[in-house]
1. Using a 10 angstrom cutoff on alpha carbons, build the Gaussian network for chain B and name the most mobile of B:Glu165, B:Glu126, B:Glu34.
2. For A:Arg279 and A:Glu98 in the same chain, what is the full-extension length gain: residue separation times 0.36 nm, less their Cα-Cα distance, in nm?
3. Assign one of three labels to segment A:43-183, namely rounded, prolate or oblate, based on the Cα gyration tensor with a ≥ b ≥ c the square roots of its eigenvalues; rounded applies when a/c is under 1.5, prolate when it is not and a/b is larger than b/c, and oblate otherwise.
4. Name the long-range amide H neighbours of A:Thr102: under 5 Å, sequence gap of 5 or more, or other chain; modelled H, no Pro or chain starts.
5. Using alpha-carbon pairs under 8 Å, 6+ residues apart, how would you state the relative contact order of segment A:171-288 in percent?
6. Could you work out the relative contact order of chain B, using alpha carbon pairs under 8 angstrom and six or more residues apart, expressed as a whole percent?
7. At 7 angstrom along the Cα-to-beta-carbon line, where would the label on B:Pro308 sit relative to the other copies? Give the distances in nm, shortest first.
8. Once phi is turned into θ = phi - 60°, what whole-Hz ³J(HN,Hα) does the Karplus curve with 6.51, -1.76 and 1.60 give for every residue of segment B:70-85, x standing for Gly and Pro?
2 protein chains.
Amino acid sequence: MQPEPVPSPVLIGLDWGTSSLRAWLFDSTGQTQEEKILPHGILNLPEGGFNAVLEKICTPWPDLPLIACGMIGSANGLRNVAYLPCPGSIAGLADKLEIHPTPRGPLHIVPGLMQRGAMPDVMRGEETQIAGVLAQHPGTTSHTTIVLPGTHSKWAIVKEGALTEFRTFMTGELYAVLSKHSILGRLSSTEPTTPDNRAAAFRQGVLSAKTGIPLSARLFSDRALVLAGNLAASCAPDYLSGLLIGDEIQAGIHLQPRETPPVIAGEDTLCEHYRTAFRILGYPEPELIGNTAAAGLFLIARKAGLVPDPRSEKGPLV
Amino acid sequence: MQPEPVPSPVLIGLDWGTSSLRAWLFDSTGQTQEEKILPHGILNLPEGGFNAVLEKICTPWPDLPLIACGMIGSANGLRNVAYLPCPGSIAGLADKLEIHPTPRGPLHIVPGLMQRGAMPDVMRGEETQIAGVLAQHPGTTSHTTIVLPGTHSKWAIVKEGALTEFRTFMTGELYAVLSKHSILGRLSSTEPTTPDNRAAAFRQGVLSAKTGIPLSARLFSDRALVLAGNLAASCAPDYLSGLLIGDEIQAGIHLQPRETPPVIAGEDTLCEHYRTAFRILGYPEPELIGNTAAAGLFLIARKAGLVPDPRSEKGPLV
């Protein structure tokens, strides 16, 4: 019996979105040895552009195969990579990587997915997070809803390892633009607040989804409740957050199969808010499984042959 | 039989909102002799503040009784006038004018309305437009829905001269913040478009309300349709406008009594868009009745005794 080999770095993975860039250095088992974050999303590049940022985030890592997902593969990114169709196999992503030459070597870009029809939808980056969910949680391959909260939240239905349907909710961006640029953000307040008060306002916002009043007629209640003395101005942002997340869950829950609660993947704080909202609305509590982009990048790279696959003779991974 | 007296100005009315100020000079029959518009809403005042703007818009008109509606009666205006309750009589507004002294004489400010309950709502200015609708269209007093499109659209149910219920839709402000500040506004295009193409995109947006997909999951289609090649980028703003207006109508229609179609009051261009959307959704076509703020101010002033009422002995007007 031979000793296990000492893990050494074999891959650099990048999640390069609109507003930020994350990079991971992987060993041959898929463990991340290091993580880096830069604020240089594709719409926020410094002098030197893409190549300068790539050089910066990869230094002093060794020259290794490079794989990237996210908006880097869009018209505003390095290369406009054609969408793959949905429904489609998540495992099939590995066969469709597009290679873009860079001074650091060829960058393998994961394609996004497009759902066609009267109400089309698109994703770029979330397909990789979904691949990561399936890799880390094999049980989710049978028939599961994966919720990916964020600027453009995705609700994705996975069945037998294939993405069958998904829908984008603009929850995070609605919160941002309404808070920064609408009358709902002008409820300034110097009054003190407490975590309990903020949690109560979030709950009040979530429960407004139960009224059946549609979203565009409910948003203004964030202001009216303050004027009526039923909500502290300092808690109005928490109410708005609850209102938008509650609305997303109340709508999304009807997209998904009822037998199993969804799983939620992404950053912990935001996902906790979603789990709380599921609980407030009386739905079974979903499992939180953290950020799976790194796991997805590694899985796709291994299936594409960019890194050695010790289990390749045992059949497909997903 | 005496000859009709020559009309002479008897009142100055102001609709003083967040972003602009309109003023009218009325004769004793309620006809407007002159209209002025300044960009000095309460959040956009020049040096000299409220008094300077008031002096400017009233010059060279004679010293006459002054009445105002809108956000001028809010915490950010000249005086925070308490809301009257809804349900409530529209005619009762005249009894609750608040007087604020100014260098031009006492300014009579019309109070707004507040609907209490778990989902409260407020209006300031629209109560005066509604008074104008009832004055100009006596038939609307029995049981009618009045739609007031705008930044914060109102759907108001009027029954026997009383406002029984209303609901604010943030349609106009959603359109503005999403167009200016979200990813939906970043679909830049230099391709030419035509009125027909723009009308078709508006129609496509309105019809999306029929899918039953909730608003926050439908907004992103404005971008996805362009990426899928099903919508010209140059027409994406028209699609978004249709989507938001269609959503408002589809939701608002369930608030209102079915027997009569709503009436729509406000600026012609925007109201025409609403009428088109009603038609596209297959609802009976509502009547457009223009901007009724001036008529409402005059009616309230007359009921408050600020101007002579030649018909006062014939009983209440509404």
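1. Its mean-square fluctuation being the largest, the pick is B:Glu34.
2. 61.0 nm
3. Values: a/c = 1.90, a/b = 1.21, b/c = 1.57.
It is oblate, given that a/c is not under 1.5 and a/b is not larger than b/c.
4. Sorted by chain and number, the residues that satisfy this are A:Leu107.
5. This gives 30 percent for segment A:171-288.
6. Over chain B, the number comes to 18 percent.
7. Computed spacing set for this position: 10.5 nm.
8. Result, ordered by residue: x, 5, 4, x, 9, 4, 8, x, 6, 7, 7, 7, 4, 5, 8, x Hz.
Just so you know, all these numbers are worked out from the coordinates, no wet-lab data involved. Note that the coordinates shown come from a computational prediction; the quantities given were computed from them, not determined experimentally. Don't worry about glycine lacking a Cβ; one is built from the backbone with ideal geometry, like all the others, and counts go over all protein chains shown.
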